[in-house]
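Report on one structure; see the data block that follows.
The values are calculated or read from the model by the stated rules, or taken from the named source; none is laboratory data. Small disclaimer: the values here were computed from a predicted structure and weren't measured. Heads up, the Cβs are rebuilt from the backbone with ideal geometry, glycines too, and the neighbour counts pull from every protein chain shown. Side chains included, ligands, DNA and RNA excluded: accessible areas come from the protein's heavy atoms. Shrake-Rupley method; radii C 1.70, N 1.55, O 1.52, S 1.80 Å.
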Amino acid sequence: MANRLYSQPGDRIETTDPVTVNRYRGFTRANHWVTAASLIVLLLSGMALFHPSLFFLTGIFGGGQTTRWLHPFVGILLFFSFLILFLQLWRLNLPKPEDTTWVSHIGEVVKGEEEKLPELGKYNAGQKFIFWAMSALIVVLIVTGVMIWEQYFPDLVSIPVRRWAVLVHSLAAVAIILVFILHVYAAFWTRGTLRAMTRGTVTGGWAWKHHRKWLRELAGRDRRGPAE
């Protein structure tokens, strides 16, 4: 497996009876949960600072001053934790020809009729969309966040530019919340997915059903006929 197209180092078949497949290493899982926790903290603290009617949420973090201090620093943590994930996973999230077919058969995806879908690598088109949307939105949030961080960068931009930065930051925050909700929903909707980020493994049946090219590569087998 010198030239991996659909898998990464650490992906492997762990047991054969029953078949279990290692999907994420411990470090990747831990970093994923750091990213998720950071997003939740940023969601709550950002809402608390967004409108006076939501200021009561600052009580979760010990008050307004603590919340105002915490929010940007957790934003930095989010940026670097996701950067690590990005460097690990970006190659496997590049578009593939089968992604177009998968999207065009989104009805079968919703119905769970996997047999009508193309064989996929480690990620499907929906997962890739979430990955790249998160990547872009986190960059927008960190850039605009620094622009409006008056405590440390009071003269970085002019006041009119800062006002635009606040608007863009808010819109990007709403967008990333929606993407995050979509990600969580998909994780629960596709049974067996959460196990990958808790135990690090998935069953052979799950891998065969949802990510067959990935499993074939790990098994060192080329594609065969439908009667296999």
**Message:** Take the chain, mark every one of the chymotrypsin sites (Phe, Trp or Tyr not before Pro) that falls in a DSSP loop and has at most 15 other Cβ within 10 Å, then report the longest stretch left between them, sites excluded.
**Reply:** 1-89
**Item:** Value of [θ]222 nm, deg cm²/dmol, for the chain, DSSP H segments ≥ 4, -39500 (n - 2.57) each, nearest 500
**Value:** -20000 deg cm²/dmol
**Request:** Using a cut-off of under 17 Å, list every residue of region 66-110 whose amide N is near the label point 7 Å from the Cα of M47 along the Cα-to-beta-carbon line.
**Result:** 67-68, 71
**Request:** For an R0 of 30 angstrom, estimate the FRET efficiency from the Cβ-Cβ distance between Y152 and R91 and round to the nearest 0.05.
**Result:** 0.30
**Asked** At a 1.4 Å probe, what is the % contribution of carbon and sulfur to the accessible area of the chain?
**Response** 67 percent
**Item:** Paired Rg and Dmax values of the chain, which use every Cα atom, in angstrom
**Value:** 20.6, 68
**Message:** If the only charges are +1 at each Lys and Arg Cβ and -1 at each Asp and Glu Cβ, what is the size of the charge dipole of region 86-141 around the Cα centre, to the nearest 20 debye?
**Reply:** 280 debye
**Fill in**
Among A207, W102, V179, the residue whose Cα sits farthest towards the positive end of the charge dipole of the chain (+1 at Cβ of Lys and Arg, -1 at Cβ of Asp and Glu, taken about the Cα centre) is A207
**Most mobile of V174, V202, V21 in a GNM of the chain (Cα contacts under 10 Å)** = V174
**Message:** As an exercise, identify the GluC sites (Glu not before Pro) in region 57-157 lying in DSSP coil whose Cβ has no more than 10 other Cβ atoms within 10 Å.
**Reply:** E150
**Asked** Solvent-accessible area per residue for region 76-150 at a 1.4 Å probe radius, Å²?
**Response** 51 Å²
**Request:** Filter the DSSP H helices in the chain by two things, a Kyte-Doolittle mean of at least 0.0 and an axial alpha-carbon span of 30 angstrom or more, and list the hits by number.
**Result:** 26-50, 64-89, 125-147, 159-189
**Asked** Given H placed on each backbone N at 1.01 Å, which residues far from R23 in sequence or on other chains put an amide H within less than 5 Å of it?
**Response** T201, V202
**Of the trypsin sites (Lys or Arg not before Pro) in region 156-216, those whose Cβ has at most 15 other Cβ within 10 Å and which sit in DSSP loop** = R191, R199
